[in-house]
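The values are calculated or read from the model by the stated rules, or taken from the named source; none is laboratory data. Quantities reported herein were computed from a predicted structural model and do not represent experimental measurements. These accessible areas exclude ligands, DNA and RNA; they are computed on the full protein's heavy atoms, side chains included. Shrake-Rupley method; radii C 1.70, N 1.55, O 1.52, S 1.80 Å.
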Amino acid sequence: MEDILVPLFFFASVFGFPLARRAMIHRHRLELLRAQQAPAHGTSAPDGPQDSSQNDAPALALRLPEPHRLYALALLCRLQDAPPAQEPQVRALLGQIRFEYLPDTLRSYLNLTPAAREQLRAGGRDPEGLLREQLEHLSQGVDGALRQDHGSASRLLTQGHYLRDRFEPSPLDTARFDAAARNLGAAPLQK
């Protein structure tokens, strides 16, 4: 029995101690981060999502009725997966859609009272239809922003102009070369 327990305790201490130490360090760092993020007056920050945070669109999207929930989450995925090498204007627009327009749209829908819903229906407007329309507008905005990467095309054209200016001989240089070739008895340069 001793033959099994001694090596077992040895390996447990060799491998277990670093793992336990690492877990304690990680826990300590998390506590420090929470203490730094807590408000200055000493109360701890709430664990639930905050309405004023910039990342509340996913939480709001999960509270939507089913067809709109999937559409809003798909829109969030497209915004998250957008290529990072976009122009600054495109990045700014995608950021506004992600952190302002989409959360404001979702909050407006979710904050509708039953009386407000009835008022919209009495005016001939369906609240779900309005939400779907607004989500479609946001989706079209994302499509348009992702299509308008003019910077890459502009850089390619600029590079082409530079290379043409740098390496294509000017007509004056061609005429000098033809004259020098005639003087040497060679055939002139053909274009």
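List of remarks:
- In Å², nearest 10: area of ILE4 left accessible to a 1.4 Å probe: 120 Å²
- Entry comment: accessible area of region 74-143 is 58 Å² per residue, from protein heavy atoms only and a probe of 1.4 Å.
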